[in-house]
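For reference, the structure is listed below as structure tokens.
The values are calculated or read from the model by the stated rules, or taken from the named source; none is laboratory data. Everything quoted here is computed from the prediction, not taken from an experiment. Note that we place each Cβ from the backbone using ideal geometry, even for glycine, and neighbour counts take in every protein chain shown. Note: accessible area is taken over every heavy atom of the protein model, side chains too, but ligands, DNA and RNA are not part of it. Shrake-Rupley method; radii C 1.70, N 1.55, O 1.52, S 1.80 Å.
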Amino acid sequence: MKIGILGLGLIGGSLGYDLRSLGHHVLGVSRRSSTCARAIALGSVDAASVDMSLLAAADVVFICTPIALIVPQFQQLITHLPVTTVITDVGSVKAPIVEAIAPLWSNFIGGHPMAGTTDSGIEAAQRDLFVGKPYVLTPDATTPKTAMTIVEEIVRSLGANLYYCQPEQHDRAVSLISHLPVIVSAALIATCMGETDSQVLQLAQNLASSGFRDTSRVGGGNPELGVMMAQYNRQALLNSLAQYRQNLDELTNLIVQSDWADLELKLQANGKARPKFVE
Ligand code: NAP
């Protein structure tokens, strides 16, 4: 199959590696010609260009640009494509993208691979990034069965675990497990950096180990992606933050009241709940 990738960064470049390994012919389009040349040299794509018309030959196109650009890039892209081309995107937010694109392109299905790193750009692309990771598709009642099957088969072939949901359900769920953690983790780093005693701050930096590495990782990631998550999933994120603040207040009150028994019960309940989210 000829597969097009628009936006050769972490996600687009990683898709390219795996799709080529699976025997597909991968055509890449990116903003900078230096990225296109690098993607070819690294073996992420067979051919690449800054000119979207390269994708006219593709059977399927994955739009992998930053969230804010997905709809504007789609609008330019479709002037080059036959109506039979299947289009999907990888944006971390689904409702605003699906609402904008689905009415304009029947062979469209929204998607979101739940895989990534804190790095960005073509150099950050990795092979097998999607293996064993969730990959959500958000079809609606009008999505053609053939388009669904094509995207489903590609996603399965990446080794990803396929899930389906409504775009709004997706955005609420990811606000809890992806976007809220970015803000919470960012607040954690900011709190540490707010230490006014320079010796204590230095000591904290020296002593930080695996626990801080885990809890600070997403807060120290790509700032543009963090802003776009907040901007495009604003209401769901605000709701999640309000729930988080309530839980933080409850835990704080237990500590203020030295209610160690209830604090232990809460922490026990959380310890039991965690495996339901991560193995
Ligand atoms: P990224 O590494 O920054 O890659 C985005 C690429 O898009 C850039 O390398 C850039 O290529 C290209 N680009 C920028 N403007 C463009 C334009 N006007 N036309 C064509 N290409 C353009 O970002 P990413 O992490 O791969 O994220 C891409 C998408 O994946 C986002 O929608 C994000 O929500 C989604 N996503 C990200 C993650 C994650 O953890 N990072 C996970 C799942 C989904 P140039 O080098 O040519 O400028």
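List of remarks:
- Counted residues, the stretch 10-23 - those being in contact with a helix residue (DSSP H, G or I) (Cβ under 6 Å, 6 or more places away or on another chain) and open to solvent by 10 Å² or more (accessible area, probe 1.4 Å): 2
- Restricting the stretch 11-67 to residues that are acidic (Asp, Glu) and more than 15 Å from the ligand (Cβ to nearest atom), the residue that is nearest to Tyr135 (Cα to Cα) is Asp59.
- For Glu224: the one exception among (1) open to solvent by 90 Å² or more (accessible area, probe 1.4 Å); (2) touching a Leu at 6+ places or on another chain (Cβ under 8 Å); (3) of a type in the set (D, E, K, R): (2)
For every residue, the table says whether it meets (1) touching a Pro at 6+ places or on another chain (Cβ under 9 Å); (2) acidic (Asp, Glu); (3) within 18 Å of Asp119 (Cα to Cα).
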site	(1), (2), (3)
Gly9	yes, no, yes
Gly16	no, no, yes
Gly28	no, no, no
Thr35	no, no, yes
Arg38	no, no, yes
Ala47	no, no, no
Asp59	no, yes, no
Leu69	no, no, no
Leu77	no, no, no
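- Selection of strands (runs of 3 or more DSSP E) fully inside the stretch 24-137 by the criterion of at least 1 residues being of a type outside the set (Lys, Arg) and open to solvent by 40 Å² or more (accessible area, probe 1.4 Å) returns 25-29.
- Scanning the stretch 106-161 for residues that are within 16 Å of the chain's Cα centre (by Cα) and of a type in the set (S, T, N, Q) yields Thr117, Thr118, Ser120, Gln126, Thr138, Asn161.
- Inside the stretch 254-265, residues that are open to solvent by less than 80 Å² (accessible area, probe 1.4 Å) and part of a helix (DSSP H, G or I) make up a count of 4.
- Residues located in the stretch 75-92, provided they are under 20 Å from Ile154 (Cβ atoms) and within 11 Å of the ligand (Cβ to nearest atom): Leu77, Asp89, Val90, Gly91, Ser92
- Residue within the stretch 1-20 that is in contact with a His (Cβ under 6 Å, 6 or more places away or on another chain) and not in a strand (DSSP E or B) present: yes
Conditions tested, residue by residue: (1) over 27 Å from Asp119 (Cα atoms); (2) open to solvent by 80 Å² or more (accessible area, probe 1.4 Å).
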{"site": "Val184", "(1), (2)": "no, no"}
{"site": "Ala187", "(1), (2)": "no, no"}
{"site": "Val218", "(1), (2)": "no, no"}
{"site": "Arg234", "(1), (2)": "no, yes"}
{"site": "Leu248", "(1), (2)": "yes, yes"}
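- Of all residues in the stretch 129-147, those that are in contact with a Phe, Trp or Tyr (Cβ under 9 Å, 6 or more places away or on another chain) and more than 15 Å from the ligand (Cβ to nearest atom) total 3.
- Given (1) in contact with a strand residue (DSSP E or B) (Cβ under 9 Å, 6 or more places away or on another chain); (2) under 18 Å from Glu152 (Cα atoms), index of the condition Ala95 fails: (2)
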